[in-house]
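The values are calculated or read from the model by the stated rules, or taken from the named source; none is laboratory data. It should be emphasised that the depicted structure is a prediction, and the values quoted were computed from it without experimental measurement. Note: ideal-geometry Cβ built from the backbone for every residue, glycine included; neighbour counts use all protein chains shown.
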Amino acid sequence: MATPSPPDAAALDAAARPPRPFRDHVKSRVDAVKQEGEAKLAALKKQVTKAQGETKATLEKRVAEVQADYDTRAAALRQAMGSTLAA
């Protein structure tokens, strides 16, 4: 009885990687978060340029909060994407 030949390196790499649809989903989610964050920030910054006094200060604080939220979400998704692509 012949022993089966071991799989080649390409077959092992393909088996170790997650399915392409999942990687595509993660990448599209990262892109969506980026677009959403940039759109929110642009809208708030536009409002800041037109605001005065206390309203301007409130909006500037909101810009900082949205920027921090965006940075946190984007970093987490980039990490997930990196883990997914590396796996």
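Values computed for the structure shown
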quantity	calculated
Residue that is nearest to GLN35 (Cα to Cα) [pool: residues in the stretch 57-80 that are without any contact (Cβ under 8 Å) to a residue 24 or more places away in the chain and touching a helix residue (DSSP H, G or I) at 6+ places or on another chain (Cβ under 7 Å)]	VAL63
Enumeration of residues in the stretch 49-71 that are hydroxyl-bearing (Ser, Thr, Tyr) and surrounded by 11 or more Cβ atoms within 10 Å (Cβ to Cβ)	THR55, THR58, TYR70
Filter result (surrounded by 12 or more Cβ atoms within 10 Å (Cβ to Cβ) and modelled with pLDDT of 85 or more) within the stretch 72-87	ARG73, ALA76
Answer from ALA51, ALA9 - the residue that is more than 30 Å from ALA76 (Cα to Cα), at pLDDT 80 or above and over 29 Å from the mean Cα position of the chain (by Cα)	ALA51
